[in-house]
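*Asks:* Okay, handing you the structure first.
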Amino acid sequence: MTRPKSKKRTQRRSGQQGRVPEQPAASLFRRKVVRIGLLGLIVVAVGGAVWVATRSDRTQSVNRVSADDSEPRKPAQGKPGLAPKTLDELLALTPEQLAKVDIARANLLCAEGLPGAEKIDIEHALDQLDDWARRVRFETDRHLYRFQRNPAEYENSEAYFRVLWVSSMLQLDFGVHYNLERVRDVDFTRSQDLFIHGMIDSDNGGTCVSMPVMYIAVGRRLGYPLRLVTTKAHLFFRWDGPVERINFEGSGRGLNTYPDDYYKSWPMKSTDAEVKRNRFLISYSPAEELAVFLSTRGHCLLENGRAKEALAAYTAACKLAPDDPVCQAFKRRAEGALRGRTVAGTRPPRFPEPPMVYGRPSSGRRPDPLAELRRIEAINAQNRRITEGQTRPPTPYGAQSPSPYGPRPSTPYGPQPGSPPPVHPDTPQPYRPPMPGIPPR
């Protein structure tokens with residue numbers, strides 16, 4: 001009987017010992033699946049770790065972008081040293097450095113130490129202006145579609161639209177207004193009427209010396225190219241950009257735009273020679289703006305019998321604006337006061353008593369200066385109707401070519417489209433605002 005060969009002996013003889021036997025295809029497929037799955041898990045784990053590590057950085061970046069998007073543009077502050085804390089630090093800066101200082105800070109520093117500025121808090125005031133600018137920016141962007149839908153409603157000018165919202169919100173929402181007591185009685189002894197702190201957390205109000213500065217301070221926080229401009233006995237502000245150049249009159253309630261020629265006859269007449277010699281109707285640089293604030297400080301000091309301090313303020317103004325002959329006249333006046341040639345209480349020559357341009361007197365009696373204010377407010381009522389979504393009444397001028405100033409009457413004293421009948425200044429009647437629901441200030 002033949003003994004069967006063992007499997008091991010057979011493999012050894014055939015040379016197949018140690019060879020791995022072939023496995024089924026299904027087993028190989030399962031192994032590949034497991035390997036791919038493990039590789040996928042490793043990739044997911046590594047990706048998750050990277051995502052967790054960078055999540056906080058991305059969140060902070062998004063938050064920074066959102067914060068920058070919601071915050072209004074502020075003036076370039078540069079290094080911390082360019083945010084001076086005192087007037088002496090401000091005056092130590094060069095003209096190039098002054099361009100990096102907030103105009104509101106410069107204005108408030110010039111008010112320190114004056115009567116009526118004993119409780120001034122500059123940092124709080126600047127925070128208040130930042131908050132106002134943030135709210136103005138939000139409302140302007142929210143209503144920008146109005147201009148894009150119908151530019152003709154806003155003088156075909158986006159600059160006009162944006163400044164209109166600045167003016168309307170400052171006056172209607174934040175209580176900025178003109179101090180009516182100063183219409184009849186020009187008084188330079190009170191700093192509240194001359195600097196912007198009189199309109200921040202205060203019911204005092206401002207004047208043409210301070211209200212344009214307030215609009216510029218808020219507008220520059222929004223990135224608007226606003227500049228201070230002077231004329232005889234008056235200040236206003238201007239949008240002075242590469243595309244548009246518009247004069248804005250914001251001393252009353254509401255907003256008006258007038259060409260340069262208007263300010264040659266209002267509030268006081270000035271010849272072309274006077275305009276050129278006194279540097280009227282030009283857009284001031286930051287150094288020249290500071291010179292105006294220092295001159296205003298000098299007026300307040302001189303009116304309060306502090307002639308030596310007034311001379312120091314005028315001298316600093318002359319250094320900043322050496323080509324301005326008006327500053328030199330102020331300085332000579334203070335020098336004369338120190339030598340006993342004048343007495344405290346006289347008005348500075350640049351800001352005399354309001355001239356007789358506010359009415360059309362039919363008798364020898366003095367016209368009421370509030371008549372011009374009522375006329376201006378009648379015009380401003382149209383601007384308020386625009387911001388409230390109402391339609392401007394049709395004008396009798398017909399089709400006009402696009403202009404930053406829009407259609408204007410031949411004389412600033414003529415009737416305005418949609419305005420109520422003018423009131424004769426000799427007619428006694430109480431003052432009432434042109435828009436219902438707005439209490440008189």
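The values are calculated or read from the model by the stated rules, or taken from the named source; none is laboratory data. Keep in mind the model is a prediction, meaning the values are calculated, not measured. So basically every Cβ, Gly included, is an ideal-geometry build from the backbone, and we count neighbours across all protein chains shown.
*Asks:* Would you confirm whether any residue within the stretch 191-213 is more than 23 Å from Pro115 (Cβ to Cβ), at pLDDT 90 or above and within 21 Å of the chain's Cα centre (by Cα)?
*Replies:* No, the stretch 191-213 contains no residue that is more than 23 Å from Pro115 (Cβ to Cβ), at pLDDT 90 or above and within 21 Å of the chain's Cα centre (by Cα).
*Asks:* So is Lys331 in contact with a Cys (Cβ under 8 Å, 6 or more places away or on another chain), without any contact (Cβ under 8 Å) to a residue 60 or more places away in the chain and more than 13 Å from Thr230 (Cβ to Cβ) or not?
*Replies:* yes
*Asks:* Would you mind stating whether Asp201 is out of contact with any Pro (no Cβ under 7 Å at 6 or more places or on another chain) and of a type in the set (D, E, K, R)?
*Replies:* yes
*Asks:* Can you say whether Phe330 is crowded, with 22+ Cβ neighbours inside 10 Å, modelled with pLDDT under 95 and touching a helix residue (DSSP H, G or I) at 6+ places or on another chain (Cβ under 8 Å), as far as the supplied structure shows?
*Replies:* In short, yes.
*Asks:* Say whether the condition of being touching a Ser or Thr at 6+ places or on another chain (Cβ under 9 Å) and of a type in the set (D, E, K, R) is met by at least one residue in the stretch 171-194.
*Replies:* yes
*Asks:* Looking only at residues that are closer than 18 Å to Arg105 by Cβ, among the aromatic types (Phe, Trp, Tyr) and touching a residue at least 40 places away in the same chain (Cβ under 8 Å) in the stretch 207-253, which one is surrounded by the most Cβ atoms within 10 Å (Cβ to Cβ)?
*Replies:* Here the answer is Tyr215.
*Asks:* Select from the stretch 296-340 the residues that are among the charged types (D, E, K, R) and assigned to a loop (DSSP other than H, G, I, E, B) and list them in ascending order.
*Replies:* Those that are among the charged types (D, E, K, R) and assigned to a loop (DSSP other than H, G, I, E, B): Arg306, Asp323, Asp324, Arg339.
*Asks:* Anything in the stretch 78-112 that is in contact (Cβ under 8 Å) with a residue 60 or more places away in the chain and either on the phi > 0 side of the Ramachandran plot or assigned to a helix (DSSP H, G or I) (or both)? List them, or say none.
*Replies:* Scanning the stretch 78-112 gives Leu90, Leu91, Pro95, Leu98, Ile103, Ala104, Ala106, Asn107, Leu108, Cys110, Ala111.
*Asks:* Out of the stretch 276-313, which residues are over 17 Å from Ala111 (Cα atoms) and of a type in the set (Gly, Ala, Ser)?
*Replies:* Scanning the stretch 276-313 gives Ser283, Ser285.
*Asks:* Can you name every residue in the stretch 126-161 that is crowded, with 21+ Cβ neighbours inside 10 Å and under 14 Å from the mean Cα position of the chain (by Cα)?
*Replies:* Listed by number, the residues that qualify are Leu129, Trp132, Ala133, Val136, Arg137, Ala159, Tyr160, Phe161.
*Asks:* Right, here's the next one. Take Asn256 and tell me if it is touching a residue at least 12 places away in the same chain (Cβ under 8 Å), in contact with a strand residue (DSSP E or B) (Cβ under 7 Å, 6 or more places away or on another chain), on the phi < 0 side of the Ramachandran plot and not aliphatic (A, V, I, L, M).
*Replies:* yes
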